1. Which entry is the computed Rg/Rh (Cα atoms, Kirkwood Rh) for this structure: [x] 0.94; [y] 1.25; [z] 0.98?
2. Can you put Ile85, Ile72 in order of Cβ neighbours within 10 angstrom, beginning with the fewest?
3. How would you rank Val20, Val56, Val6, Val86, going from fewest to most other Cβ atoms within 10 Å of each one's own Cβ?
4. Go ahead and estimate [θ] at 222 nm for the chain from helices alone: -39,500 (n - 2.57) per DSSP H run with n ≥ 4, summed, over the residue count, rounded to 500.
5. Modelling each spin label as a point 7 Å along the Cα-to-Cβ direction, I'd like the Lys73/Ser43 distance in nm, to one decimal.
6. Relative contact order (percent) for region 3-130, with alpha-carbon contacts under 8 angstrom and 6 or more residues of separation?
7. Whose amide H sits under 5 Å from the amide H of Glu90, counting only residues 5 or more places off or on another chain, with H placed in the peptide plane?
8. If each of Lys33 and Glu95 carries a label point 7 Å out from its Cα toward its Cβ, how far apart are those two points in nm?
Amino acid sequence: MNIASVDIGLKRIGFATCLVDNIILSAPAIIRKNRNQAAKEISQLLKEKHIELLVVGLPKGGNSEEEMGRRIKHFVSLLEFGGKIVYQDEYGTSEEAKEKLKGITKQKKDGKVDSIAASLILQRWIESMQSI
């Protein structure tokens with residue numbers, strides 16, 4: 001099954017895929033100019049990669065959990081995607097991604113952290129399914 005994950009932020013959207021044998025690949029992040037443009041780009045990627053399942057990072061805990069959850073679910077509703085959508089706790093993935101990139105690259109706002117975070121979200125989901 002072709003699976004993708006997204007880490008939806010207000011400025012960038014991280015994107016990662018798992019197309020074979022639980023090998024997760026992060027892709028360049030989508031720079032978000034507005035929600036319609038970003039939704040169109042994500043929808044196109046999902047179609048091009050024949051994605052059947054989309055794992056969406058959703059914050060659990062923290063002050064902005066409710067507000068960000070609402071925004072993320074609204075964004076997901078804008079996607080043109082006929083596959084299954086599941087939500088996965090994304091707590092701490094951005095910090096973990098920054099830690100992984102420490103010393104490798106400067107912390108630029110180019111979306112690398114966002115896409116690594118998306119790959120961590122996907123990894124968590126895959127691990128949670130293997131433990132069932």
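Just so you know, all these numbers are worked out from the coordinates, no wet-lab data involved. Not measured: the values here are computed from a predicted model. Here Cβ is always computed from backbone atoms with ideal geometry, including for glycine, and neighbour counts include all displayed protein chains.
1. Working out Rg/Rh (Cα atoms, Kirkwood Rh) from the coordinates points to [x].
2. Lowest to highest Cβ neighbour count: Ile85, Ile72.
3. So the residues, fewest neighbours to most, are Val20, Val86, Val56, Val6.
4. Value at 222 nm, helices only: -13500 deg cm²/dmol.
5. 2.1 nm
6. 36 percent
7. Counting only residues 5 or more places away or on other chains, the set is Leu58, Lys60.
8. The answer from the label model is 3.5 nm.
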